[in-house]
Number of protein chains: 2
Amino acid sequence: MILRSSPFSPFGRKVKIAAAVLGLTDRIEVVVADTNDPSEPLRIQNPLGKIPTLVLADGSALYDSRVIVEYLDHVAGGGRIIPHGEARFPVLRMQALADGIMDASILRMYEIRFRPEEIRSADWVAYQTDKVKRGFAALEKAPPAFDRKLPDIGAIALACALGYQDLRFDGWWRADHKNLVAWLDDFAAAVPSWDKTKPV
Amino acid sequence: MILRSSPFSPFGRKVKIAAAVLGLTDRIEVVVADTNDPSEPLRIQNPLGKIPTLVLADGSALYDSRVIVEYLDHVAGGGRIIPHGEARFPVLRMQALADGIMDASILRMYEIRFRPEEIRSADWVAYQTDKVKRGFAALEKAPPAFDRKLPDIGAIALACALGYQDLRFDGWWRADHKNLVAWLDDFAAAVPSWDKTKPV
């Protein structure tokens, strides 16, 4: 399998950590994709032109990150990082919250990357930033428990959402979210692929 | 169950049609939510402040639309509009493509709603619009087959992505996508909840 991604994508990092905890890293070759390059085969593999996209042996591709992690879980036997039954839904909700935080954070980044300063909107940035702040405020009260040997996709996604704040927004959350800081330290100690996937 | 949504949300429409084809409409009360109102309980139910959000009998909430439709499928017995096994992944990919088209379309809308004309970015709008166009170009070549009695979530999502173009962008796609026009006509004829969920 070929994973089209970028070292800086928090959604790509989620897939890489999921693959690692499922023991699938050796079966995946990572090939960097430039989402801004119109000639990128990525735009054929995935018409949305988004990363991560997973290209399978038969040339077909799976996206987005949620579909990929579910596929990897299936390849690894099923029900491993995404539980079956009623336990599935709190885990999927945690992933959705972390994914939503990453989406809002990326929109904040794009405001800078895609627009000269005179056409940036402070209201739009505040609207997105408030989603991130409300998300972390809720999570600070109750960071999710996780299995240190086999963290579920909710915990993996949350770690990636926090790591992305460190990468792009100077770790602003660390001063006011002591429980989440301790949570991420614990995750980092338990999951070796966390450090190995750190963007440099 | 209470569904927080808006009549205009394509993701909310996806959930409503999923509920209808699964026979769950009578178990769901729809309560409109205003995502721009800071005092909305929605922002407590879902820290991201996004619709659709499904509030369960115990007061807990599920989001986003993908998690909700999977939960509804589970409540209806499982494997009904989201197949189990290998057949699951093409359906989830189709949903991801349609969701991505809706996301890009909503970002186009937000460019108008959130910004006075002088701070809009033609490059950003083109970047999002190109995702929609590439998506429909790929789908026009091979519109997805679906079960007329029980359409899967990929087909439901695609219908909602097309309907949103009609609602917000004057049906621009109809002239150049004859196969998709025929596909949506067929979907509309097969799925009574399509017309019932049309935004007015």
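Say we look at the range B:135-149 and pick out the residues that are assigned to a helix (DSSP H, G or I) and buried (at least 19 other Cβ atoms within 10 Å of the Cβ); which of these is nearest to the other protein chains (Cβ to nearest Cβ)? Looking at the filtered set, the residue picked out is B:Gly135.
Condition first: open to solvent by 10 Å² or more (accessible area, probe 1.4 Å) and either touching an Asp or Glu at 6+ places or on another chain (Cβ under 6 Å) or in contact (Cβ under 8 Å) with a residue 60 or more places away in the chain (or both). Can you find one or more residues in the range B:112-130 that meet it? There is at least one residue in the range B:112-130 that is open to solvent by 10 Å² or more (accessible area, probe 1.4 Å) and either touching an Asp or Glu at 6+ places or on another chain (Cβ under 6 Å) or in contact (Cβ under 8 Å) with a residue 60 or more places away in the chain (or both). Here B:Glu70 fulfils each of the conditions (1) closer than 24 Å to A:Ala61 by Cβ; (2) in contact with a Pro (Cβ under 7 Å, 6 or more places away or on another chain); (3) open to solvent by 20 Å² or more (accessible area, probe 1.4 Å) apart from (2).
Could you list all residues from the range B:150-172 that are free of Cβ contacts under 8 Å to residues at least 40 places away in the same chain and open to solvent by less than 30 Å² (accessible area, probe 1.4 Å)?
B:Leu162, B:Gly171
Checking each residue in the range B:25-61 for being free of Cβ contacts under 8 Å to residues at least 12 places away in the same chain and within 11 Å of another protein chain (Cβ to nearest Cβ) picks out B:Asn36, B:Pro38, B:Arg43, B:Ile44, B:Pro47, B:Ser60.
I'd like the full set of residues that are at the interface with chain A (Cβ under 10 Å from one of its Cβ atoms) and charged (D, E, K, R), limited to the range B:62-75. Selection gives B:Asp64, B:Arg66, B:Glu70.
For the structure I just gave you, tell me whether B:Asp64 is of a type outside the set (Phe, Trp, Tyr), under 21 Å from B:Leu162 (Cα atoms) and either buried (at least 23 other Cβ atoms within 10 Å of the Cβ) or touching a Ser or Thr at 6+ places or on another chain (Cβ under 6 Å) (or both). Yes: the conditions hold for B:Asp64.
Given the criteria surrounded by 24 or more Cβ atoms within 10 Å (Cβ to Cβ) and either in contact (Cβ under 8 Å) with a residue 24 or more places away in the chain or more than 10 Å from chain B (Cβ to nearest Cβ) (or both), does A:Val15 qualify? Answer is yes for this residue. The residue of the range A:110-134 that is farthest from the other protein chains (Cβ to nearest Cβ), among those that are in contact with a helix residue (DSSP H, G or I) (Cβ under 8 Å, 6 or more places away or on another chain) and assigned to a loop (DSSP other than H, G, I, E, B), is A:Arg120.
When only residues in the range A:84-105 that are more than 16 Å from B:Pro47 (Cβ to Cβ) and open to solvent by 30 Å² or more (accessible area, probe 1.4 Å) count, which is farthest from the other protein chains (Cβ to nearest Cβ)? By that ranking, first place goes to A:Ala87. Residue pairs whose Cβ atoms lie under 9 Å apart, separated by 6 or more positions or on different chains, with the first residue in the range A:70-95 and closer than 18 Å to B:Gly85 by Cα and the second of a type in the set (Asp, Glu) and open to solvent by 30 Å² or more (accessible area, probe 1.4 Å), are A:His74/B:Glu86; A:Arg80/A:Asp152; A:Ile81/A:Asp152; A:Ile82/A:Asp152; A:Pro83/A:Asp152.
The values are calculated or read from the model by the stated rules, or taken from the named source; none is laboratory data. This one's a predicted model, so the numbers in the text were calculated from it and none came from an experiment. A quick note on method: Cβ atoms are made from the backbone with ideal geometry, for glycine too, and the neighbour counts reach across all protein chains shown. Accessible surface areas use protein heavy atoms only, side chains included; no ligands, DNA or RNA. Shrake-Rupley method; radii C 1.70, N 1.55, O 1.52, S 1.80 Å.
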